[in-house]
Amino acid sequence: MKKLITYLLCALPVFGQLAHVQAAEIEVKWSNSDKYDDIDAAGEHRKHFKDRVFKSFEKHFTKVAAALPENHKLIIDVTNMDLAGDVNFGGIKRIRIIKDIFFPRMEFSYQLLNAENDVVKSADVSLKDMGFLMNSRLKYNSKSFGYEKEMFDVWFKKTFVNDLVK
């Protein structure tokens, strides 16, 4: 039993390094965020909501980019965002109403750099999901900004299908 515990304790750092090996670096920029179409807070202070949106997407982008090879860097410059739904007054409160006519949109440019900092891929991207309410694949159903994250994931998998670590 002592040998097993010793073996496991010795193996933990190795497994931790293996998990780290596959992670690509990511850099996210939010250009002219004051001019985005819709990052409108409903019942929350605008600055706090905007910060929450940015942190949520940065965390999600980092998680998704972990599938890219080590020593690669993904740079994303978000230039516009329109969250699913529209903010209206519902009685005395402002609420976000989700309807199919208020579909999510996101515009950004990206660069994928290899270990030598050479650009492997780059493009300006304009995403929209006009059928977001009919999307049965929504794995973020109970998460904040799930429609937008699902839309990004679909684009990411199509764009980097040949670059992902298997």
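If you take the alpha carbon atoms of region 23-159 and fit the smallest convex hull around them, that volume is 110 Å³ per residue.
Count the net charge of all other residues whose Cβ sits under 9 Å from the Cβ of Tyr110, scoring Lys and Arg as +1 and Asp and Glu as -1. Summing Lys/Arg as +1 and Asp/Glu as -1 gives -1. Counting only aspartates and glutamates at least 8 places from Lys149 when in the same chain, those with an alpha carbon closer than 15 Å to its own are Glu58, Asp82, Glu107, Asp129. With K and R counted +1 and D and E -1, the other residues having a Cβ less than 13 Å from that of Thr159 yield a net charge of 0. What does DSSP give for region 23-159 in terms of the percent of beta bridges that are antiparallel, rounded to the nearest 5? Restricted to region 23-159, the bridges split so that about 75 percent are antiparallel. Based on alpha carbons, the Rg and Dmax found for region 82-133 are 17.4, 57 Å.
Throughout, read-outs are computed from the coordinates displayed, never taken from laboratory work. This is a predicted model, so every value here is computed, not measured. Here Cβ is always computed from backbone atoms with ideal geometry, including for glycine, and neighbour counts include all displayed protein chains.
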